[in-house]
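Scroll down for the structure; my scribbles are underneath it.
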Amino acid sequence: MPELPEVEVCRLGISPHIIGHKVSNVVVRNAKLRWPIPKEVQSLVGQEVLTVDRRAKYLLIRFSTGTLLLHLGMSGTIRVIEQDTAIAKHDHFDLGFTHGKVLRLNDPRRFGAVLWLAQHKDEQGLLTKLGPEPLCDDFCYGYLFNKAKNKKLPIKTFLMNNHIVVGVGNIYANEALFQAGILPTVKAGTISEQRYNRLTDIIKQVLSAAIEQGGTTLKDFTQVDGRPGYFAQSLFVYGRAGKKCLTCQNTLLEIRQSNRSSVYCPNCQN
Ligand SMILES: [Zn+2]
């Protein structure tokens, strides 16, 4: 599943190829994504892309009349390729441009989304209730500690809640808690401010490092082959249950929390 770093790398990968360019045609091959693709997307013909932003895992392509919102769901990929590129299975949506390129969404599992926010209004409230971006200054010392007061839920579940902070998905919650030395099962309300501040730094570091690593895949967004935006990462715990801790050589353990896998080192985390 694409997490925040993959979506940010996607934004960086597609932006230079579509910003300042005019839409020539819009093709919806299968409107049945997570929500139906609205007919209003046809109003984009003749309009110019002003900028491409990201909020949480939503890509926001801005036009003067509104915002085209894209979400990659579980399996989506976006690339900007030549308009005569053969259509592949699961190529559900095209945004063609007058300079001969096309932004093409492929999504085998169809949990992704293409929505139109007229006048930039977020009528479905997808963006309004989100917590701060982890790489922005709003996500600062004291923030997690204050939000966690009296909270009895496990720290990992707390971190993965988009209303608290966006974009800390399962991989990065596992990795950040390992690097901060915090057991994923500890009650959120019992962690000291000092430990939360260290965790805040580490969350920023692991996400930034992943975005930086993904930078090597930027060229994939304009190529027909490959899987743009999915990059190999060096991980300490995620996907390594039963293997040796890279720090202390103890065996890493795995539990399920909120139906997601948590992998941790019983020696390094407490
Ligand atoms: Zn260890």
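What follows draws every value from the coordinates through simple rules; no lab data is involved. Worth saying up front: this structure is predicted, and the values here are computed from it rather than measured. All Cβ positions, glycine included, derive from the backbone under ideal geometry; neighbour counts span all protein chains shown.
Work out the length of the dipole vector of region 91-202 about its Cα centre, built from +1 on the beta-carbon of each Lys and Arg and -1 on the beta-carbon of each Asp and Glu, and round it to the nearest 20 debye. Can you show the working numbers first?
Numbers: 14 positive and 11 negative charges, 106 e Å.
My answer is approximately 500 debye.
Cβ crowding within 10 Å ranks C265, C136, C245, C10 as C136, C245, C265, C10, fewest other Cβ atoms first.
The fraction of all Cα pairs in the chain landing in successive 5 Å bins from 0 to the largest distance is 1, 6, 12, 16, 17, 14, 12, 9, 7, 5, 2, 0, 0, given as whole percents.
Neighbour counts of other C-beta atoms within 10 Å: give me D53, D91, D107, D84 arranged from fewest to most. Walk me through the numbers before you get to the answer.
Details: D53 13, D91 18, D107 24, D84 7.
The most exposed by this proxy come first: D84, D53, D91, D107.
Each residue of region 59-66 was assigned a 3J(HN,Hα) from its phi angle through the Karplus curve 6.51 cos²θ - 1.76 cosθ + 1.60 (θ = phi - 60°); the sequence is 8, 10, 8, 8, 10, 5, 9, x Hz, with glycine and proline shown as x. Using a cut-off of 25 Å between Cα atoms, the listed pairs K156/K244; K32/K156; K152/K244 include K32/K156; K152/K244 as exceeding that distance. When the C-alpha to C-alpha distance is required to be over 20 Å, the pairs from K57/K149; K57/K121; K22/K219; K187/K243 that qualify are K57/K149; K22/K219; K187/K243. Rounded to the nearest 20 debye, the dipole size of the chain about its Cα centre is 940 debye, using +1 on the Cβ of Lys and Arg and -1 on the Cβ of Asp and Glu.
Hey, what did region 83-163 get for relative contact order, percent, Cα under 8 Å, at least 6 apart? Write out the running numbers ahead of the final one.
Details: 40 pairs, mean separation 14.5, N = 81.
Answer for region 83-163 is 18 percent.
Across Y141, Y58, Y172, mean-square fluctuation computed from a Gaussian network of the chain (C-alpha pairs under 10 Å connected) peaks at Y141.
The phi-based Karplus calculation (6.51 cos²θ - 1.76 cosθ + 1.60; θ = phi - 60°) puts the 3J(HN,Hα) values of region 199-206 at 4, 4, 4, 5, 4, 4, 5, 5 Hz, whole numbers, x for Gly and Pro. Taking the number of Cβ atoms within 10 Å of each Cβ as an exposure proxy, the fewest-first ranking of H90, H163, H99 is H163, H99, H90. Using bins of 5 Å that start at zero, the share of Cα-Cα pairs per bin across region 2-153 amounts to 2, 9, 18, 21, 21, 12, 7, 5, 3, 2, 1, 0, in whole %.
In the chain, helices alone account for a calculated mean residue ellipticity at 222 nm of -7000 deg cm²/dmol, with every DSSP H run of four or more residues adding -39,500 (n - 2.57).
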